[in-house]
Amino acid sequence: MTLTVLDSGPGPRTHALVIGIGGYEHLKGGTGTPLPKLLQYGNLGQLTSPPRSALAISDALQSQELDWQVPLGTVDLLVSTAPEDPDPSGDGVTFEPATRDAIQTAFDAWWDRCNANEENVAFCYIAGHGLEGSYPIVLASDFGKSAGQPWPQAFDVNKTRGALTANKAQTQVFLVDACREVTTSNVEVPDAAAPPLRPPKLRQPDNCVYELSIMATSRTRKAYGKTKKPSYFARAFVEGLHGGAAVKEDGEWWITTGKLADRFYRLMDFVGADTHAQRPVPSVRRTFRLARLRSAPPAKLQFACRPDEATRLADLAWQQGTMNPEHRRQRSPEAWTVDVKPGICYVSATFTGQEKYRDCINQDVIVEPPLTHERVLVI
Amino acid sequence: MSGRLDLTFSYQGGPDAGRLPVVVDVVGASLEAAVKPRLVQLAKGWRQDLEPGTYLVRVRFPSGEEIRQTCTVRDGDHIPISVDVRGLAGRESLERSVALRPVEDDETTPGTKGAGTSFSAPQIARDVWVRRWRGEASREWKQIDFDGITASRDDYAVRYRFASGQQSNVLQLGGRSIAWRFVTLPAAPVVDVTVSPRGENDLSVEVTTDSAEAEALLGYLRTGAVEGADVTAESLLRQKRRDPIAAAIGGYYLLRTANLDRLSAWGRNLSQWFPWLPDGAVINGWQHIQLGRKHRGDPDRHFGAARRQLILAAQRGVPIYTEGLRLLVDGLRLLREDAEAEDAELDAALTFIEPFTMAADWLAATVTYSGADPAEPGLRLRYGIPEDRERLVPLRAGPAAPRRPRASEVPDNDSDATLEALYRELGPDLVRYLRRMLQHNGLAEDISQEAFLILSRKWAEVRNHPNPRAWLYTVARHLAIDTLRERSREYLRLEPLAQAAAKGGDPSDSYDIRLTVREAIGKLPARQREAVWLFYFERFKQNEIAAIMQVQRGTVGALLSQARDRLAELAA
C-alpha cells in the first residue's frame with residue numbers, strides 16, 4: 001500500500017483508492033504453486049497492463065491541470081506487478097502485492113477516510129483479472145492460494161458497489177477495469193463465494209447523491225490493454241480527465257461525472273479501443289463537477305474531402321481566427337489531423353486544374369475535444 | 001432577427017425507422033450549450049429559431065452512434081440539415097434494432113457491423129426451430145400456434161411480429177448447434193423479434209416493442225448516455241397510462257438513477273393497475289427499499305412494503321426485463337439476510353426465482369434463459385429437436401409473406417458474382433444516363449457507385465424485383481436529384497458572385513447551328529432530356545420510364561412528343 005497524502009487540511013477532500021493487479025502468484029506464469037484445473041478458470045496468467053493502468057490513473061488524478069472542486073486529499077495506490085514487468089513505474093519503486101487481505105485493509109482505510117465528511121468524493125479504480133458469474137468478480141493477486149477454495153481470494157464487485165452507497169461521501173466514482181468472461185468454473189458455480197469488500201445491507205443508508213460507475217466492458221466480454229501499456233479503459237479515462245470529457249459552462253471548462261459517462265464511448269474510440277468488442281457500461285446518478293481545467297483542453301481536428309478520392313487532389317488548409325496564420329500541407333490521400341483549440345476552425349480545400357471539383361471550398365467547423373471529424377463536401 | 005435551424009433526417013426502413021427517437025442538442029461557437037438536449041423523432045425532424053451565428057448540432061442515437069454537424073445561421077435564414085442514418089445498419093431488416101441498440105459484434109467475422117453474418121452461409125439456417133408458449137394461471141405454460149403471426153425474412157434476419165396483449169409469452173428457439181433458449185416477450189400490442197445469425201453456430205435475438213422511446217431508453221442506458229436517457233425518460237413519464245411496458249422501462253431508469261421524486265406514485269400505480277406485469281411490483285418494491293434507505297418516512301414501513309411487493313412480483317411470475325430479474329433476486333436476498341426469523345413466503349419467492357437467475361443470459365434485454373421447459377430453467381444446455389415436436393416451426397421456413405418470383409434475368413447463385421456481373425453490364429450505361437442528367441462526369445460516376453452500393457445492400461430484396469435494372473435507375477435518379485438540390489443550395493450559399501456572373505451570359509448566344517443530335521438533346525428542358533435519354537439511349541419502355549421518373553405513363557409520352565417537336569425545331 002502506498003498512501004500519498006496530498007492535502008490533510010480541514011474540510012472535504014477527494015480520496016482515491018487505485019488498485020492494479022497484474023502479478024498472480026498461483027496463475028499461469030506465477031511464482032507460487034499453480035492453481036489446479038486452471039483451464040476451468042480460463043487458463044488465466046500474468047497481466048502487465050493493470051499496474052500500468054493504475055499508475056496512469058494515479059498520475060492523472062494528480063495532474064497540475066486539474067483544479068479539483070473538492071481538493072484531492074489522498075491517493076492510495078495498491079499495485080501487484082507481473083514478473084515480466086517488475087518495474088512499471090520505471091523508477092525502481094517496489095509495491096506491496098495486492099493480495100485479498102491487502103486490498104481489504106486498503107479498502108477499509110479508504111472507506112473511513114471517505115466516511116469522514118459527507119462532502120467528500122470517494123474515488124475507486126480497480127484493474128485486474130475479472131470473471132463473471134451471476135455477478136462480476138475481480139481476482140486478488142493471491143487467487144488460488146487455497147487450491148480447493150480459490151474464491152475467498154477474490155471479491156464481488158457488484159455487492160461492493162452496492163454497499164458503498166452507505167458511505168457518507170455523497171459523490172462516489174467507482175471504476176472497474178477487468179474482463180467479464182464466463183469460464184467453466186462460473187458455469188458450474190455461478191454464485192461464486194467471492195466475498196465483497198463490504199456486504200450491502202437492506203437497512204443501510206443511501207448517502208450517495210452523485211454517482212459515476214463504469215464497468216470497462218459488458219457481461220461476457222473481455223477488457224483489453226496492450227502489453228506493458230495502460231489499458232484502453234484507463235487511457236480513455238485519463239483522456240477524459242485531460243479534457244476529453246470537459247464541458248464549457250459559465251466560461252470555464254469542467255470535467256463532470258455526466259460528461260465522463262456520456263462521452264466514454266467516444267473516448268474509448270479516441271484511444272483506439274474496439275468498442276464493438278469491448279463496450280464500457282457507464283452508470284450515472286446526477287452529474288457532479290469533479291474538477292476545473294486550468295486552461296482550455298487540447299482538441300484535434302481530422303478533416304478530409306467528401307468524396308474521399310478528392311482528398312489526394314486537394315490543397316487542404318485550416319486557420320483559427322483571422323489574425324492567426326493559415327496552415328497548409330502537402331497533398332496526400334490521407335485525412336489531415338491537426339492540434340487545435342476547441343472552438344471554430346476555418347477549413348478549406350482548393351483544387352487547381354481539377355474540373356471534377358469546385359475550385360475552392362471553405363467551411364467553418366466547430367471543434368470539440370478530444371477529436372472532431374469533418375469531411376468537406378467538394379462537389 | 002433570427003435564423004431557423006431546420007433539422008431533417010433521411011433514413012430507410014419505413015415508418016418503424018421514422019419513429020426512432022434521437023437526442024439533439026446544439027452548442028454555440030463558444031461550445032457552451034445553446035439549446036438543451038431534446039428528443040426528436042426522425043420522421044418529424046426539428047425546427048429551432050436561433051440567433052445568427054455558427055452552431056454545432058449533435059445527434060445522438062440510442063445505439064451510441066453520434067452525428068455532428070456545424071452550421072451557420074444568418075438573419076432570416078432557413079438552414080436545412082440532412083442527416084443520413086442509413087449507414088448505421090448494414091441491412092435494412094436490421095436497421096431499427098441496430099439504431100436502437102449498441103451493435104453486437106460478431107467476433108468470428110470482424111467488420112460485420114450491424115449486418116450480422118448471412119443465413120445463407122452458416123449451417124444454422126437449416127435446422128433452427130422456434131415455438132411459442134403462453135403463460136397461463138399458476139405459472140403454467142402452454143404451447144400455442146404461430147397463426148396470424150407475420151414474418152419477414154432475408155438472408156440476414158428473420159423478423160416476427162407478435163401481438164402479445166396482456167399475457168406472458170415466450171419464444172423458444174433451438175437447433176442442432178443452437179442451445180435451446182426461452183426469450184420473454186413483453187406484453188405489448190406489437191412485439192418485434194429479430195433473429196439473426198451470430199457466427200457459425202449462434203443466433204442473436206433482439207426483442208423490441210413498438211414503443212420507440214422505451215426502446216431508445218434501453219439503448220441509452222446501455223451506452224451510458226445520461227442526457228439521452230434523461231430526456232427520453234421524461235417523455236415516457238407522460239404516457240405511462242397507455243403504455244405500461246414503456247412505463248416499466250422508465251421506472252427501471254428512475255430506480256437506477258435514484259430519482260425517487262420523479263418516480264413518486266408511478267411505482268405503486270404500475271404495481272396496482274397492471275397485475276399481469278411482475279416488473280411493476282419489482283419497481284415498487286425497490287422504490288420502497290430506496291425510500292427506506294433514504295429515511296423518507298418510516299424505514300420499517302418501507303422495508304415491510306418492499307417485502308410484500310417483491311413477494312408479489314415473484315407470485316406474478318418472471319419479470320419481463322433482465323433488469324427486473326436482477327433487482328428481484330437482489331431484493332429478495334437482501335430481505336432474506338435481514339429477516340430475523342423464518343419467512344416461508346420469502347423463501348418460496350427465492351426458490352421460484354433463483355433458478356431463472358442461474359440460467360439467465362444477463363446480456364439480453366428481456367429475460368432469456370436456458371432450460372427444457374419455460375417453467376424449468378436449467379444450466380444444462382440442450383441441443384437438437386425436442387421429443388415433443390408439437391407446434392415446432394422451422395425458423396427459415398415458417399409463416400412468411402409470399403415471395404415474389406425471381407426475375408429470370410437475374411441468376412440465383414452467388415450474390416457477389418451476380419452483382420459484379422450487373423455492375424459490368426449496367427454500370428457504363430447508368431453513368432452515361434447520370435452524366436446526361438447532371439452534366440458532370442465525376443458526379444455521375446460517384447452516384448452510379450452509390451446506387452450500386454445501395455443495390456448490393458438491398459440485394460436480398462431486389463433480386464426478386466421484376467426489373468432490377470429499372471429499380472437501379474430509380475434509385476440513381478433519386479440520388480442525382482438529391483445531389484442537384486444539395487449542390488444548388490451550396491452554390492447559392494457559397495458562390496453568389498459566381499452565380500451572378502453566370503446569369504450575365506446566355507449560353508444560347510453561342511449556339512452553333514451545326515449541332516450534333518446529342519448536343520441538341522442537351523438543349524432540351526431537363527425532364528424532356530431525361531425521358532429522351534431513357535427511351536432512345538437506354539432502351540427503356542415507356543411504362544418503365546414512368547416508374548423511374550415517377551410520373552404517369554401518359555406524361556412520358558407527352559414529354560417524348562414535346563422533345564421530338566423541340567428537336568425538330570433545333571434541327572430546322
A:Ser49 being among the small types (Gly, Ala, Ser) and more than 22 Å from A:Glu181 (Cα to Cα): no
Filter result (in a strand (DSSP E or B), under 28 Å from B:Pro275 (Cβ atoms) and of a type in the set (A, V, I, L, M)) within the range B:168-210: B:Val170, B:Leu171, B:Val183, B:Leu185, B:Val191, B:Val193, B:Val205, B:Val207
Qualifying residues in the range B:241-268 (those that are over 25 Å from A:Arg161 (Cβ atoms) and buried (at least 17 other Cβ atoms within 10 Å of the Cβ)) - the one modelled with the highest pLDDT: B:Arg268
Whichever residue in the range A:85-108 is of a type in the set (D, E, K, R) and assigned to a loop (DSSP other than H, G, I, E, B) and, among such residues, is surrounded by the most Cβ atoms within 10 Å (Cβ to Cβ): A:Asp85
Residue under evaluation A:Lys37, criteria (1) over 30 Å from A:Ala169 (Cα atoms); (2) crowded, with 22+ Cβ neighbours inside 10 Å; (3) among the basic types (Lys, Arg), criterion not met: (2)
Residue within the range B:272-281 that is over 22 Å from B:Ala365 (Cβ atoms), within 14 Å of another protein chain (Cβ to nearest Cβ) and at pLDDT below 95 present: no
Condition check for B:Asp279: assigned to a helix (DSSP H, G or I) and surrounded by fewer than 17 Cβ atoms within 10 Å (Cβ to Cβ): no
Checking A:Gln302 against (1) surrounded by fewer than 18 Cβ atoms within 10 Å (Cβ to Cβ); (2) in contact with a strand residue (DSSP E or B) (Cβ under 6 Å, 6 or more places away or on another chain); (3) not hydrophobic (A, V, I, L, M, F, W, C); (4) not in a strand (DSSP E or B), the condition it does not meet: (4)
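Here's the yes/no breakdown for (1) in the same structural domain as B:Lys142 (by TED's automatic domain parsing); (2) modelled with pLDDT of 80 or more; (3) over 22 Å from B:Gly251 (Cα atoms):
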{"site": "B:Leu173", "(1), (2), (3)": "yes, yes, yes"}
{"site": "B:Val190", "(1), (2), (3)": "yes, yes, no"}
{"site": "B:Gly219", "(1), (2), (3)": "no, no, no"}
{"site": "B:Val226", "(1), (2), (3)": "no, no, no"}
{"site": "B:Ala229", "(1), (2), (3)": "no, no, no"}
{"site": "B:Ser235", "(1), (2), (3)": "no, no, no"}
Where a residue in the range B:282-306 is in the same structural domain as B:Asn259 (by TED's automatic domain parsing) and its partner, wherever it lies, is hydroxyl-bearing (Ser, Thr, Tyr), with Cβ under 7 Å and at least six apart: B:Ile283/B:Tyr252; B:Asn284/B:Ser271
Helices (runs of 4 or more DSSP H) enclosed by the range A:203-292 - at least 3 residues per element that are more than 8 Å from every other protein chain (Cβ to nearest Cβ), aromatic (Phe, Trp, Tyr) and touching a residue at least 40 places away in the same chain (Cβ under 8 Å): A:232-239
Qualifying position, being buried (at least 20 other Cβ atoms within 10 Å of the Cβ), small (Gly, Ala, Ser), modelled with pLDDT under 95 and in the same structural domain as A:Thr81 (by TED's automatic domain parsing), among A:Gly128, A:Gly148, A:Gly133: A:Gly133
Entirely in the range B:25-72, the strands (runs of 3 or more DSSP E) that have 2 or more residues that are within 11 Å of chain A (Cβ to nearest Cβ) and at negative phi: B:33-41, B:53-60
The range A:46-84, residues that are under 25 Å from A:Arg13 (Cα atoms), in a loop (DSSP other than H, G, I, E, B) and among the polar types (S, T, N, Q): A:Gln62, A:Ser63, A:Gln64, A:Gln69
The lone exception for B:Arg326 - which of (1) within 14 Å of chain A (Cβ to nearest Cβ); (2) more than 20 Å from B:Gln172 (Cβ to Cβ); (3) over 29 Å from the mean Cα position of the chain (by Cα) it fails: (3)
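The values are calculated or read from the model by the stated rules, or taken from the named source; none is laboratory data. Predicted, not measured: the structure shown is a model, and the values here were computed from it. Note: ideal-geometry Cβ built from the backbone for every residue, glycine included; neighbour counts use all protein chains shown.
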